[in-house]
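The values are calculated or read from the model by the stated rules, or taken from the named source; none is laboratory data. Since the model is a prediction, treat every value here as computed from it, not as a measurement. Heads up, the Cβs are rebuilt from the backbone with ideal geometry, glycines too, and the neighbour counts pull from every protein chain shown. Please note that ligands, DNA and RNA were not included when accessible areas were found on the heavy atoms of the full protein model with its side chains. Shrake-Rupley method; radii C 1.70, N 1.55, O 1.52, S 1.80 Å.
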Amino acid sequence: MTQFNGRTVNRIVILTGAGVSAESGLATFRDSDGLWEKHDPMDIATPEAFARDPDLVYRFYNARRNQLKSVSPNVAHRSLARLQAEFPGEVFLVTQNVDDLHERGGSVQVCHMHGELNSVLCKACSSAIRTSKDIDGHSTCPECGGSGKLRPDIVWFGEIPYHMGKIERRLETCDLFIAVGTSGVVYPAAGFVQGALLAGAMTVEVNREVSEVTGSFHQQRQGLATDQVRNLVEELLAD
Ligand code: APR
């Protein structure tokens, strides 16, 4: 039985955001050098923006997909993978991130609620295709052969995140909820801590600075994800 701050912990839910990949060299969204400082999300990350200027959207996500080839997972990614592998109970990892650094850090069954850069959707046959290549308005779907029907497999503003049923079931039964590197601005992810609190779980926030929902957490671990996540995992595996 794992004890953590005087509580028995068997089921852990971990939510990550862009901050967990920042030290790998991937920009976050809302920090001073963040993506949404350089691009208006309403021009890039909505179905309307894609209809209005698909080439701008293709270029944005192609560039982010290509960048994945030049970055590597960091200690925070690897520590979470270690927790998944060694924790005697259950560890459910849900991420808002569309990068592949959790998987490359060794994590399994990563729940990508906002989609993935290395996946594209065909609007003709609804297939989700794994790819690390650029796509554009002429690209051909390898499943149905249709051309010009591919879009980034990213959950845009105004669209419903993936796997919500599974995530809610896990929140309802968790003993410990940990949020890492997320600003708590975007819902439904920012509301997960409330779901965990309703379930009677202990809640811990790991973030470089105060977030929009810091007040909802029993514990704040302020600092870099690489340091704080490594220490937290050490504590959870210490028993
Ligand atoms: N270690 C820990 N926390 C960090 C680090 C770091 N090295 N670097 C940045 N942070 C924190 C920031 O302080 C900020 O609170 O990570 C958070 C990143 O916040 P956002 O940029 O808002 O990213 P995120 O919360 O993941 O965004 C949520 O918004 O734009 C949409 O769909 C997109 O999934 C994304 C969602």
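Some observations on this one:
- Out of 194, 220, sole residue that is polar (S, T, N, Q), part of a helix (DSSP H, G or I) and surrounded by fewer than 22 Cβ atoms within 10 Å (Cβ to Cβ): 194
- Of residues in region 54-65 being among the aliphatic types (A, V, I, L, M) and open to solvent by 20 Å² or more (accessible area, probe 1.4 Å), the one nearest to the chain's Cα centre (by Cα): 63
- The residues of region 26-81 that are in contact (Cβ under 8 Å) with a residue 12 or more places away in the chain and of a type in the set (Lys, Arg), listed by number, are 30, 64, 65, 69, 78.
- Of the set (1) under 18 Å from residue 181 (Cα atoms); (2) surrounded by 18 or more Cβ atoms within 10 Å (Cβ to Cβ), all apply to residue 72 but (2).
- Identity of the residue in region 194-215, out of contact with any Cys (no Cβ under 7 Å at 6 or more places or on another chain) and more than 21 Å from residue 230 (Cα to Cα), that ends up nearest to the ligand (Cβ to nearest atom): 212
- Among residues of region 81-100, those that are out of contact with any Asp or Glu (no Cβ under 7 Å at 6 or more places or on another chain) and either among the hydroxyl-bearing types (Ser, Thr, Tyr) or within 13 Å of the ligand (Cβ to nearest atom) (or both), counted: 5
- Within region 17-56, the set of residues being away from the ligand (no atom under 14 Å from the Cβ) and among the aliphatic types (A, V, I, L, M) comprises 51, 56.
- Per the listing 141, 174, 122, the residue uniquely more than 16 Å from the ligand (Cβ to nearest atom), surrounded by 15 or more Cβ atoms within 10 Å (Cβ to Cβ) and under 20 Å from the mean Cα position of the chain (by Cα) is 174.
- Taken over region 1-16, the criterion of being β-branched (Val, Ile, Thr) and either more than 8 Å from the ligand (Cβ to nearest atom) or open to solvent by 20 Å² or more (accessible area, probe 1.4 Å) (or both) is satisfied by 2, 8, 9, 12, 13, 14.
Residues are listed down the side, and each one gets a yes or a no for (1) open to solvent by less than 10 Å² (accessible area, probe 1.4 Å); (2) not charged (D, E, K, R):
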position: 38; (1), (2): no, no
position: 52; (1), (2): no, no
position: 79; (1), (2): no, yes
position: 89; (1), (2): no, yes
position: 95; (1), (2): yes, yes
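- If you go through region 110-139 and pick out every residue that is in contact with a Phe, Trp or Tyr (Cβ under 8 Å, 6 or more places away or on another chain) and either in a loop (DSSP other than H, G, I, E, B) or at pLDDT below 95 (or both), you end up with 6.
- Count of residues meeting criterion [outside any helix (DSSP H, G or I), among the aliphatic types (A, V, I, L, M) and within 17 Å of residue 25 (Cα to Cα)] in region 62-101: 2
- Residue in region 120-127 that is in contact (Cβ under 8 Å) with a residue 12 or more places away in the chain, among the polar types (S, T, N, Q) and over 24 Å from residue 49 (Cα atoms) present: no
- Residue 226 falls short on exactly one of the conditions (1) part of a helix (DSSP H, G or I); (2) in contact with a Gly (Cβ under 8 Å, 6 or more places away or on another chain); (3) within 10 Å of the ligand (Cβ to nearest atom), and that condition is (2).
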